[in-house]
Amino acid sequence: LAQAQADLEAAVRNDSTRAAAWGALALVRAARGDLAQAERDARTGLAMDTYLRDAPTILLALYAANLVNGAMDEAWNWCNRGERDFPTDVRFVECRLTLLAEDERRTPDPRVAWDLVAQANKLDPPDRARATGRPWLPIYREMMAAIVTARAGDAAELEPGHQPRA
């Protein structure tokens, strides 16, 4: 990571307009625990990304880095910004679903979780995911909603319209 950071720092010194390099540098800094600088690098990358070509990936990387580091408020901020700026990108629906499952400070709401599963499945249908070799995505969505449901203590609502198995 130290060498990657040095290489990326050199890259942005040589060409400060390289959004992807700023995004990668943000990821490396986040992995090394320097979230403040990672966020500054990501913001620079977003500012350099005139056509927003790399923005979804940068926003997702920052969401994930903050999630892993337990910075839930920042994870929510990056996820919400991604959803606002890229409403048809299913990854931002999935990050909201993940945060509903992982952020224990928030009251779990199974109805919202299952609505997010339905929204994600509309944007990226499970049969298309399976056909393209990504079968884990629909299962992941359902697992996150099940976690929210379990956290709510609502065993009767494992999935909208379905009864739990006896």
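I'd like to check something: does the range 79-96 contain any residue that is under 12 Å from A146 (Cα atoms) and modelled with pLDDT of 95 or more? Lay out the reasoning, then the answer.
The first filter runs over the range 79-96 and keeps only residues under 12 Å from A146 (Cα atoms), leaving none.
No.
Just checking, does the range 72-85 include any residue being farther than 25 Å from L27 by Cα, in a helix (DSSP H, G or I), of a type outside the set (K, R) and open to solvent by less than 50 Å² (accessible area, probe 1.4 Å)? Steps first, answer last, please.
The first filter runs over the range 72-85 and keeps only residues farther than 25 Å from L27 by Cα, leaving none.
Looking for residues that are farther than 25 Å from L27 by Cα, in a helix (DSSP H, G or I), of a type outside the set (K, R) and open to solvent by less than 50 Å² (accessible area, probe 1.4 Å), one finds none in the range 72-85, hence no.
Residues in the range 100-111: is at least one in contact with a Ser or Thr (Cβ under 8 Å, 6 or more places away or on another chain) and part of a helix (DSSP H, G or I)? Steps first, please.
We begin by selecting, within the range 100-111, every residue in contact with a Ser or Thr (Cβ under 8 Å, 6 or more places away or on another chain); these are 108, 110.
Imposing the further condition that a residue be part of a helix (DSSP H, G or I) reduces the set to 110.
Yes, some residue in the range 100-111 is in contact with a Ser or Thr (Cβ under 8 Å, 6 or more places away or on another chain) and part of a helix (DSSP H, G or I).
Considering each of A65, A55, A61, A113 in turn, give the residue that is small (G, A, S) and more than 25 Å from R32 (Cα to Cα). Before the answer, list the steps.
Values: A65 fails: more than 25 Å from R32 (Cα to Cα); A55 fails: more than 25 Å from R32 (Cα to Cα); A61 fails: more than 25 Å from R32 (Cα to Cα).
Selected residue: A113, the only one of A65, A55, A61, A113 that is small (G, A, S) and more than 25 Å from R32 (Cα to Cα).
Look through the range 41-57, keep the residues that are in contact (Cβ under 8 Å) with a residue 12 or more places away in the chain and of a type in the set (D, E, K, R), and return whichever of them is most open to solvent (accessible area, probe 1.4 Å).
Filtering the range 41-57 for residues that are in contact (Cβ under 8 Å) with a residue 12 or more places away in the chain and of a type in the set (D, E, K, R), the one most open to solvent (accessible area, probe 1.4 Å) comes out as R53.
Could you give every pair whose Cβ atoms fall below 6 Å, whose first residue belongs to the range 65-78 and is at pLDDT 90 or above, and whose second residue is of a type in the set (G, A, S) and assigned to a helix (DSSP H, G or I), counting only separations of at least 6 or pairs across chains?
L67/A75
Here is a list of conditions, (1) modelled with pLDDT under 95; (2) within 29 Å of G23 (Cβ to Cβ); (3) surrounded by fewer than 21 Cβ atoms within 10 Å (Cβ to Cβ), and A156 meets all of them except one; can you say which number that is?
The single condition A156 does not satisfy is (2).
Being at pLDDT below 95 and either open to solvent by 20 Å² or more (accessible area, probe 1.4 Å) or under 29 Å from R111 (Cα atoms) (or both) narrows it down to one of L27, L100, L8, so name that one. Even if it seems obvious, please write down each step before you answer.
On the way: L100 fails: at pLDDT below 95; L8 fails: at pLDDT below 95.
That would be L27, the only listed residue that is at pLDDT below 95 and either open to solvent by 20 Å² or more (accessible area, probe 1.4 Å) or under 29 Å from R111 (Cα atoms) (or both).
The values are calculated or read from the model by the stated rules, or taken from the named source; none is laboratory data. Here the structure is a predicted model, which means the values were calculated and not measured. Note that we place each Cβ from the backbone using ideal geometry, even for glycine, and neighbour counts take in every protein chain shown. In case anyone asks, the SASA skips ligands and DNA or RNA and just uses the protein heavy atoms, side chains included. Shrake-Rupley method; radii C 1.70, N 1.55, O 1.52, S 1.80 Å.
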